[in-house]
Amino acid sequence: MKRKIVRIGFCMFLTALLLFCYGRYQTLHKPVFAFGQENKCIYLTFDDGPSDSTTPYILDVLREEGVHATFFIIGRQAELRPAIIERIYQSGHALGIHSYSHEYAEIYASPAALLEDIKKCSAVLESILGLETDLYRFPGGSYSLRQELVDCVKKAGYRYVDWNASCRDAEIPGASPDELFRAARDTPADRSRIVLLLHDGAHRQNTVAALKKIIRYYKEQGYEFRTL
Ligand SMILES: [Zn+2]
């Protein structure tokens, strides 16, 4: 009888020890993200491409870092570079329309002119990829546009996306990669869902040079990279 009690006591002690150790293990291996931060995400968006001098290097960095982005393309540049458009698509990135001509005076002359320009760019993408997209970004953003222009795009069934953060590569002439990185890090208005504006196109080498650091910063902060 005594022996049985000792055995039960020993088993209880062993169970308590295991539970204690498991508790310690749990405390030491808490999930990396605290509650409420699981959904932090960033959308890298590149306007004004494709270009021979920049797009391939952007794609290389994205591949090296294992993240995807969204490219808002200019139709008249895309029709001369179908292989780059193919590569963007085959690499798993998203593509959206960013106008055919990017000439503000022309495309914003009237709702009809704007829709014509959008359809022209859409036709270029379709001829290369055999796919249509409803994703659109207004050149310069929708922020200060006449309401009739924004309305006609919505009514035509396009989904337009602006941005809430920018590396400011189009605003600061000759900005260094470090300045671009700091802007990309410091400008987000909404820290939980960041749509970051960057630019493709000729002379954007500094954007490419800043890209790895921008991606690594947001990875360290626990952001998930998504496409639109
Ligand atoms: Zn643009």
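No value in this document is a laboratory result; all are computed from the given coordinates. Bear in mind that the values here come from a model prediction, so they are computed numbers and not experimental data. Note that we place each Cβ from the backbone using ideal geometry, even for glycine, and neighbour counts take in every protein chain shown.
Inter-label distance, ASP151 to GLU103: 2.7 nm, where each label sits 7 Å from its Cα along the C-beta direction.
Protection proxy ranking, highest mean first, for peptides 132-145, 73-86: 73-86, 132-145, where packing is the per-residue count of other beta-carbon atoms within 10 Å, averaged. In region 41-226, one over the average inverse separation of all distinct C-alpha pairs is 16.6 Å, which is the Kirkwood hydrodynamic radius. The charge dipole of region 74-215, taken about its Cα centre with unit charges on the Cβ of Lys, Arg, Asp and Glu (plus for the first two, minus for the last two), comes to roughly 420 debye.
Panel order for HIS199, HIS93, HIS98, HIS68, by other beta carbons found within 10 Å of each beta carbon, from fewest to most: HIS68, HIS93, HIS199, HIS98. GLY157 sits among other residues whose Cβ lies under 12 Å from its own Cβ, and their net charge, with Lys and Arg +1 and Asp and Glu -1, is +2.
Cβ crowding within 10 Å ranks GLU179, GLU220 as GLU220, GLU179, fewest other Cβ atoms first. The charge dipole of region 143-228, taken about its Cα centre with unit charges on the Cβ of Lys, Arg, Asp and Glu (plus for the first two, minus for the last two), comes to roughly 280 debye. What pairs from LYS119/LYS212; LYS40/LYS219; LYS120/LYS154; LYS119/LYS155; LYS119/LYS154; LYS120/LYS155 go past 22 Å between their alpha carbons? In this structure, LYS119/LYS212 exceed 22 Å between Cα atoms. Amide H contacts of PHE71: PHE46, ALA94, LEU95, GLY96, each under 5 Å away and 5 or more positions distant or on a separate chain (H built 1.01 Å from N in the peptide plane; Pro and chain starts excluded). Per-residue Cβ neighbour counts within 10 Å put PHE72, PHE181 in the sequence PHE181, PHE72, beginning with the fewest.
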